[in-house]
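Down below is the structure, laid out as structure tokens.
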Amino acid sequence: MDSLMDSTHGAYRVVTAASRYLIDLDRMVVRREPRAENPEGSLLRRDDELITLLDILDCTVGRPMRLHIDLHVLGVPSTLRCSTPVVSIERVASPGEQSKP
């Protein structure tokens, strides 16, 4: 898959040059696994936690991913999170989604 820009449901594993993200469009949450692809990558607030996803501004292979998220920080209504360039996007099972035989 080359882009999530036309996706409205499902869960996806997005690999960037430095990290991995699980994006669940059904629950509108994202989880970042820091340093998954690059041990020298940055650590960000709320890594390895589910974060409320408000919108995907860009998620296309070869370009930095840009997410509009809510970190639930008092006084901060939302924030923009930018990643290193996206390497791959793969559909994965959403939590609660039954496996197909």
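Residues in the stretch 51-69 include at least one that is surrounded by 16 or more Cβ atoms within 10 Å (Cβ to Cβ) and more than 18 Å from Leu80 (Cβ to Cβ). Screening Thr60, Thr79 for residues that are among the β-branched types (Val, Ile, Thr), under 16 Å from Ser3 (Cβ atoms) and out of contact with any Pro (no Cβ under 9 Å at 6 or more places or on another chain) leaves exactly one candidate, Thr60.
Condition check: in contact with a Cys (Cβ under 9 Å, 6 or more places away or on another chain), modelled with pLDDT under 95 and either in a loop (DSSP other than H, G, I, E, B) or surrounded by 13 or more Cβ atoms within 10 Å (Cβ to Cβ) (or both). Does Ser7 satisfy that? Working first, answer last.
Numbers: in contact with a Cys (Cβ under 9 Å, 6 or more places away or on another chain): yes; modelled with pLDDT under 95: yes; either in a loop (DSSP other than H, G, I, E, B) or surrounded by 13 or more Cβ atoms within 10 Å (Cβ to Cβ) (or both): yes.
For Ser7, the condition - in contact with a Cys (Cβ under 9 Å, 6 or more places away or on another chain), modelled with pLDDT under 95 and either in a loop (DSSP other than H, G, I, E, B) or surrounded by 13 or more Cβ atoms within 10 Å (Cβ to Cβ) (or both) - is met.
The values are calculated or read from the model by the stated rules, or taken from the named source; none is laboratory data. Computed from a prediction, not measured in an experiment: that's the story for all the values here. Virtual Cβ from ideal backbone geometry, glycine too; neighbours counted across all protein chains shown.
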